[in-house]
Amino acid sequence: MQPATCNMQMSTNQRIAQLLAETADLMEIAQEDGFRIRSYRNAAAAIEGSPEQMADILADPRRKLTDIKGIGKGIAFVIGEIVERGSFERRDEMLTRYPPTALELLKIQGLGPKSIGLLWEHYRVSTVDQLEALCREGKLRELPRMGQKLEEKVLRSIETYRRGAGRFLLSHADEVAQSLRDWLSQVVPAQRCHIAGSLRRSKETVGDLDLLVESENPLLVLDRFVASPEVGEVLAKGANKASALVGRQQIQVDVRALPSASLGAALQYFSGSKEHNVALRTRAVNRKLSLNEYGLFREGDSTPVAAATEEDIYGALGLAWIAPELREHSGEIESAEQGTLPTLVELSQMRGDLHMHTRESDGRGTLEEMALAAKALGYEYIAITDHSKALAMANGLDEQRALAFARLVEQVNREGHLGIRVLSGIECDILRDGRMDLDDEALAALDFVVASVHSYMNQESGEMTQRLLRAIDNPHVKAIGHPTGRILLHRDAYAYQFEEVATACAAKRVAMEINASPERLDLHASLIRGAKAKGVRFVVDTDAHHPRHLTNMKFGVGMARRGWLEAADILNTQSYENLRKLLRP
DNA sequence: GCCGTTTTCGGCCCGACTGTTTTCAGTCG
């Protein structure tokens, strides 16, 4: 497998985490000590969730990597090696024993590290193509504990894998979940059907869907589930749990039926993340308790200490309840212990949406349609931010049209017939050299200028950094739109020095956007935390191109929550008057 | 390889489901 390209300097943490995790996978195939493997994985997770760059800590003689929980002497050394030369000894050694393509085989459902190791030993099989051939020839069944059924399962898994299945947009998972909930409501009230897993945590992409259904009659629930017209292949169906591939995109859905008395334990358990849960269970063990999906138990006692609600479970472990979005084992347990968890922003606190398009450029609604849809959501204000002229394909506005638009908005607000305040805005292209696409006179006439990169995204990091810094220097720019440019499952973030740009945003009072479009969800949670630490303020906006896209705000708020943001960190939770005061003058 | 409110050594999270067995290992979440 080609390691995911990671072209941002700012994502070296991600790169380090990826190398550690990949090496852990290879060590697992080699059947090395499981605890050592787990240490590598723990360290990878700790690094990925860290708002601070490992390289920065290394460069600072006053700091030590080993102060980070999960990083000891050994891995600190490894990180140093990675920063220095892009790899480390143990990884190099593993790669001489197994080809990197073997990692790809881990993505095939039904095959784990043991089997992959065995396949390599016996047949020197290390690619999906070779594996497929082996199954078709019926050779898999010649290995111990493998049979015809496994061959069939692997062939189906390969097909799913090749279809590009794996990760899904949050919005897709959300739709499937809602529709299954409706379908199950025939046998169990919708409020007894709970979403868990990474969807509940608002992770930007979702691998599978976990539904928990409170019911005294599991069979009824599971039968109803697999009978759904959306359900394709049923992967497993037992007494309490069923798994199936659902919908055209074949997302895997796991449905578990359980009694209400253990709902809290099950919600906690199946919401993850895995790292958070491991940490929580370790905490339980340290207190002579044991935590599983049925409850928190004292040794040798089958009556749970806590089980019915998540609050009970966290409480019994000496912790405040932790919002699912924070459960990534990146400091939330310590905060819950000390009572310093943030009061996370809520969707209901959003008072406006400051990035949307109309038919004037590439949107599908009119100003009136967008305004009325926003009003129906309870907003006090919106900014219409059509594209600027550099995006000719999108019919972007030139100076003349922008000025005319500003006058039109003034008139609309004067008349007041829409019942919602409209800000005249623009999503102005940041040109190749960092200049704005529109002249200062036009920008000055507008209420809200979002500056975005839409071109030359492959610039060298230093150049891109300078480009963004120059844009932030423009006194009319109020926010940086979709700051990393990533398109989920499709395009990586463009390369630049994020920290430097965030520092400049804080200093110049330019907001960073958290783009709520499900294809973007840009910024990533760890960057949000990093930027907040630098003093950056944010706007959470939908970038709607259609009135119905305005409801995507919930995904953006989910990202903000994953970034530990409170309402005060976000400008468009503020009243119109406050917003005007807080925006760069 | 990491870690310490029993520990600087000796621990390290937990259960369901499946398929191939002949009592359970591997995978998954």
I need A:Arg163, A:Arg141, A:Arg562 ordered by Cβ neighbour count within 10 Å, fewest first. A:Arg163, A:Arg141, A:Arg562
Amide proton proximity set for A:Leu209, modelled H, under 5 Å, gap of 5+: A:Gln252, A:Val253, A:Asp254
From the phi of every residue in region A:554-569, what ³J(HN,Hα) in whole Hz does the Karplus formula 6.51 cos²θ - 1.76 cosθ + 1.60 yield, where θ is phi - 60° and glycine or proline is x? 4, 6, x, 5, x, 5, 4, 5, 4, x, 6, 7, 9, 4, 5, 7
Per the Debye formula with a single identical scatterer at each Cα and no solvent contribution, what log10 I(q)/I(0) holds for region A:484-585 at q = 0.11, 0.15, 0.18 Å⁻¹? -0.32, -0.60, -0.86
The answer for trypsin sites (Lys or Arg not before Pro) in region A:172-260 that fall in a DSSP coil and have at most 13 neighbouring Cβ atoms within 10 Å is A:Arg248
Quick check: residue separation of A:Arg414 and A:Ala444 times 0.36 nm, minus the Cα distance between them. What number comes out in nm? 8.8 nm
Among DSSP bridges having both ends in region A:168-258, what percentage is antiparallel? Round to the nearest 5. 70
Go from 0 up to the bin containing the longest alpha carbon distance in region A:234-380, width 5 Å each, and give me the % of pairs per bin. 2, 8, 13, 14, 12, 10, 11, 10, 9, 6, 3, 1, 1, 0
Would you grab the residues whose amide H sits under 5 Å from the one on A:Arg520? Only those 5+ places off in sequence or on another chain, please, with H modelled 1.01 Å from N. A:Leu488
In whole Hz, the Karplus estimates of ³J(HN,Hα) for region A:527-536 (6.51, -1.76, 1.60; θ = phi - 60°; x where Gly or Pro) are 6, 4, 4, x, 5, 4, 4, 8, x, 6
Three principal axis extents, largest first, for the C-alpha atoms of region A:275-338, in Å? 32, 21, 20
Quick one: in chain A, what % of C-alpha pairs are over 48 Å apart? 16
So what is the 222 nm mean residue ellipticity for chain A from helices alone, if each DSSP H run of at least 4 adds -39500 (n - 2.57) and you divide by all residues, rounding to the nearest 500 deg cm²/dmol? -12500 deg cm²/dmol
Compute from the Cα atoms of region A:149-297 the Rg and the Dmax, the latter being the longest Cα-Cα distance, and quote both in angstrom. 15.9, 47
Return the Rg/Rh ratio of region A:9-163 with Cα-based radii and a Kirkwood Rh. 1.07
Could you please rank A:His172, A:His329, placing first whichever residue has the fewest other Cβ atoms within 10 Å of its Cβ? A:His172, A:His329
Mind listing the phi-derived Karplus ³J(HN,Hα) values for region A:139-154, rounded to whole Hz, using 6.51, -1.76 and 1.60 with θ = phi - 60°, and x for any glycine or proline? 8, 4, 5, 7, 8, x, 6, 10, x, 5, 4, 5, 4, 5, 4, 5
Most exposed to least, judged by fewest other Cβ atoms within 10 Å, A:Tyr269, A:Tyr161 sort to A:Tyr161, A:Tyr269
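Computed from the coordinates by the stated procedures, all read-outs in this text should not be read as laboratory data. What you see is a predicted model, and the numbers here were worked out from it, not measured in a lab. As a convention, Cβ positions derive from the backbone with ideal geometry for all residues, glycine included, and neighbour counts pool all protein chains shown.
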